[in-house]
Amino acid sequence: MSEQYRNNFLREVEANVEEGEWVKRCMQCGVCSGSCPLGPHWEHPPQELFMMIRAGKRDEVLKSSSMWMCTSCYNCIARCPRELPITHIMHGLAHYAERLGLAPKNQQTNKFAQRFWNNLSKTGRVNELKLTLSFYFMNGFMAGVKMSLNMQKVGLGMLLSKRLNPFEILGGHGCKDSKGLQAILKKAREIEDAKIAKFQG
Amino acid sequence: MTDVVATNQTILVVGGGISGMTAALEAAECGKDVILIEKKPSLGGRVAQLYKYFPKMCHPTCGMEINLRRIKANQKIRILTMAEVTEITGDSGNYSVNLTISPRYVTENCTSCAACGDAVETEFDDEHNYGLKKRKGAYLPFLMAYPQQYVIDPRLIGTADADKAKSVCKYDAINLEMQEETLTLNVGAIIWATGWKPFDANKIQAYGYDRIPNVITSVELERMMDPTGPTGGKILRPSDGKEAKDIAFIQCAGSRDRNYLKHCSRICCTATLKHTTYVREQYGDEGKSTIYYIDIRAIDRFEDLYHKTKADKTVSFLKSKVANITQDKTTANPILHGVNTEGYQRYTNAHELVVLAIGMEPSVDFKQLGVNLSINEHGFIENDPSNGGMFGAGVATDALDVNRAVQSATASALRAIQVVNQVATAEG
Ligand SMILES: Cc1cc2nc3c(=O)[nH]c(=O)nc-3n(C[C@H](O)[C@H](O)[C@H](O)COP(=O)(O)OP(=O)(O)OC[C@H]3O[C@@H](n4cnc5c(N)ncnc54)[C@H](O)[C@@H]3O)c2cc1C
Ligand code: SF4
Ligand code: SF4
Ligand code: SF4
Ligand code: SF4
């Protein structure tokens, strides 16, 4: 069963990846890849990823760091002659790969995204202070100290303009019913996992 | 006053390009009364603005001359230039059509001696050359124009130049008092052969047509090649007037793109293949053409031209829709950025000149004109029974080459003939 579906990676992407149903409309013109500011720095530009999806290159696509590098600049969407929501597909692919545990572990965007999610899903509100600190120190203690020193001025500015509350370190604010939120997230996860399971036999 | 005799057995043809001329001739040569109206001062349409046309690479003047000879020999065709339809009422077999005729200020006495053109000093953008050069305020639209009758630009009226033109005319052919006329015709069937216009290249922001001088359009290249055209038949860079030998062609400029025209304009691939023969004609082995494309759509028998072009060593094909164009400040060379989809390499390629293979869109917005025609999502006429006695011909119905436009015009003439024949039978 599972092998049959794996051969049909395009169908899996259509079913499970956000905006994945658009992939088959790509006509391989190359404008997105040519327009992407990351250009030479990533392994697979969008159009190439779309071709790989159609060619059933499941592992190569999902283990790739490429979609994690998308900066959401929207250059590609603005120019795509077929109006593919390329940026969203990139993020959808990244998210799906992470769900499956295939995403590259040491990719910086992935690391930050995971921290952001952990921070947000706990109380339903982002704790700016904790998030910032965990971001600064995510690559080790020394790197964190260096980064904090570099960012001192910005941090001070944010404090003064009340964009950063120092008391958030004590726990911070949350949404009204964070238990309810947890339940919603749990249910959503169940639904998504069931969808994933379909393609894993 | 223009007097025109028309009855409900008359066929009206709107648009005097190759399609309109063909439809009018086919119907008239079958003995039908035809009125052919053209909004410009001359017949000819867009084909008259081409240098050569595929597949045989003959000069359009040749085909034009044959058609004009047929028109002159036929008593059944009445031609009105500078005329436009403003309103249509009625039904198949009995339409009432309102026209306005703009003043030409020059009468049939004109011998096109050119004296008025020489005398006048004021100049305007030359429409026939897409504004690449200027023309005088008293002018003949182009060499082969029909009727061979000068025109005074309305912007000249009331100026000293207009009086000057009148005073030098030895044939009493200039009448500065001419006014716009309105006319109502009764006709049985109507053929719409209003053709196309090039898509506005300024809208394709990433290609910089509005800010990079050495980015031009395919229709402009056609004009440059004309020995009587704006550059005397040479391919010159607008930035410095130097010959461009290394030329990039960008396909689907404005076509096949949901941001612009959704449809494939169908002739621009073949037109570009033709343009590489222009480059060869100018420079032999010294020239260089590079075609950036999504896929080459040289339909059916034009495939042959594609294979011939592929065999030409001066032409290369790069499978890529160009992402954007910038300009090298020192050389004024346009620089093309993108990804070669055969191998996924990124490129930044400088060329001396870029030609955009511009898309074709319908020249008339029929919805705005308020005529009751079935129009598809791209703005072209669908030949549909609900159109009654009105038929589309040529590029008004779809992006077509000349050969197909002529076939479509002949078909529409036959349909129109059937309508007026029915009227004749009914009236016994
Ligand atoms: C770059 C380029 C190169 C091309 N090269 C070739 C080639 O080599 N070979 C080939 O076969 N084809 C070629 N084509 C296609 C060719 O130009 C068309 O097939 C041809 O022009 C169709 O003629 P038409 O009479 O249908 O339309 P048009 O030529 O557009 O004529 C329409 C006429 O109707 C008139 N008109 C418009 N609106 C009104 C109105 N409201 N009232 C009255 N009159 C009106 C216009 O003024 C015009 O005279 C080329 C096209 C492009 C863009
Ligand atoms: S721009 Fe759109 S159609 Fe072109 S390759 Fe990218 S996704 Fe596909
Ligand atoms: S939105 Fe992402 S994929 Fe698209 S051009 Fe920007 S960085 Fe590249
Ligand atoms: S209007 Fe008179 S002067 Fe001008 S070209 Fe005609 S005949 Fe000659
Ligand atoms: S004919 Fe060729 S250049 Fe023109 S729109 Fe179609 S594919 Fe593009």
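Examine segment B:384-397 for a residue that is among the hydrophobic types (A, V, I, L, M, F, W, C) and more than 23 Å from B:V85 (Cα to Cα), and state whether such a residue exists.
Within segment B:384-397, not a single residue is among the hydrophobic types (A, V, I, L, M, F, W, C) and more than 23 Å from B:V85 (Cα to Cα).
Assess whether B:S386 counts as being polar (S, T, N, Q), on the phi < 0 side of the Ramachandran plot, touching a strand residue (DSSP E or B) at 6+ places or on another chain (Cβ under 8 Å) and away from ligand 3 (no atom under 16 Å from the Cβ). Outline the logic, then answer.
Numbers: polar (S, T, N, Q): yes; on the phi < 0 side of the Ramachandran plot: yes; touching a strand residue (DSSP E or B) at 6+ places or on another chain (Cβ under 8 Å): no; away from ligand 3 (no atom under 16 Å from the Cβ): yes.
It is false that B:S386 is polar (S, T, N, Q), on the phi < 0 side of the Ramachandran plot, touching a strand residue (DSSP E or B) at 6+ places or on another chain (Cβ under 8 Å) and away from ligand 3 (no atom under 16 Å from the Cβ).
Kindly indicate whether any position in segment B:351-365 is small (G, A, S) and assigned to a helix (DSSP H, G or I).
No, the conditions are met nowhere in segment B:351-365.
Are there any pairs with C-beta distances below 6 angstrom linking a residue in segment B:132-146 that is away from ligand 2 (no atom under 16 Å from the Cβ) to a residue that is among the small types (G, A, S), with the two at least 6 apart or on different chains, and if so which?
Final answer for the pair search is B:K136/B:G117; B:A138/B:G117; B:A138/B:A165; B:Y139/B:G117; B:L140/B:S112; B:P141/B:S42; B:A145/B:S42; B:Y146/B:S42.
Looking at segment B:243-265, which of its residues are among the hydrophobic types (A, V, I, L, M, F, W, C) and either part of a loop (DSSP other than H, G, I, E, B) or not assigned by TED's automatic domain parsing to the domain that holds B:G284 (or both)?
The answer is B:A244, B:L261, B:C264.
For segment B:14-61, which residues satisfy the criterion of being of a type outside the set (S, T, N, Q) and within 16 Å of ligand 4 (Cβ to nearest atom)?
Scanning segment B:14-61 gives a single hit, B:P41.
Check B:A271, B:A165, B:A253 and return the single one that is in contact (Cβ under 8 Å) with a residue 24 or more places away in the chain, within 14 Å of chain A (Cβ to nearest Cβ) and either under 30 Å from B:N387 (Cβ atoms) or hydrophobic (A, V, I, L, M, F, W, C) (or both).
Matching residue, one of B:A271, B:A165, B:A253: B:A253.
Across segment A:14-50, which residue is farthest from ligand 3 (Cβ to nearest atom) among those that are in contact (Cβ under 8 Å) with a residue 60 or more places away in the chain and either within 11 Å of chain B (Cβ to nearest Cβ) or on the phi < 0 side of the Ramachandran plot (or both)?
A:A15
Could you check, for segment A:108-121, whether at least one of its residues is more than 16 Å from ligand 3 (Cβ to nearest atom), in a loop (DSSP other than H, G, I, E, B), away from chain B (no Cβ under 14 Å) and of a type in the set (A, V, I, L, M)?
no
Scan segment B:328-350 residue by residue and report those that are more than 14 Å from chain A (Cβ to nearest Cβ) and either in a strand (DSSP E or B) or of a type in the set (D, E, K, R) (or both).
B:D328, B:K329, B:P334, B:A350
Quick check on my filter: what residues within segment B:106-133 are farther than 23 Å from B:E180 by Cβ, among the charged types (D, E, K, R) and in a loop (DSSP other than H, G, I, E, B)?
B:E121, B:D126, B:K133
Hey, any hits in segment B:56-75 for a residue that's away from ligand 2 (no atom under 16 Å from the Cβ), of a type outside the set (D, E), in contact with an Asp or Glu (Cβ under 9 Å, 6 or more places away or on another chain) and touching a residue at least 60 places away in the same chain (Cβ under 8 Å)?
No, segment B:56-75 contains no residue that is away from ligand 2 (no atom under 16 Å from the Cβ), of a type outside the set (D, E), in contact with an Asp or Glu (Cβ under 9 Å, 6 or more places away or on another chain) and touching a residue at least 60 places away in the same chain (Cβ under 8 Å).
Would you point out which residue out of B:G208, B:G232 is of a type outside the set (D, E, K, R), touching a residue at least 60 places away in the same chain (Cβ under 8 Å) and outside the structural domain of B:A413 (by TED's automatic domain parsing)?
After ruling out the rest, the residue left standing is B:G208.
The values are calculated or read from the model by the stated rules, or taken from the named source; none is laboratory data. If you're wondering where the values come from, they're calculated on a predicted model, not measured in any experiment. When we count neighbours, we look across all protein chains shown, and the Cβ atoms used for this are built from the backbone with ideal geometry, even at glycine.
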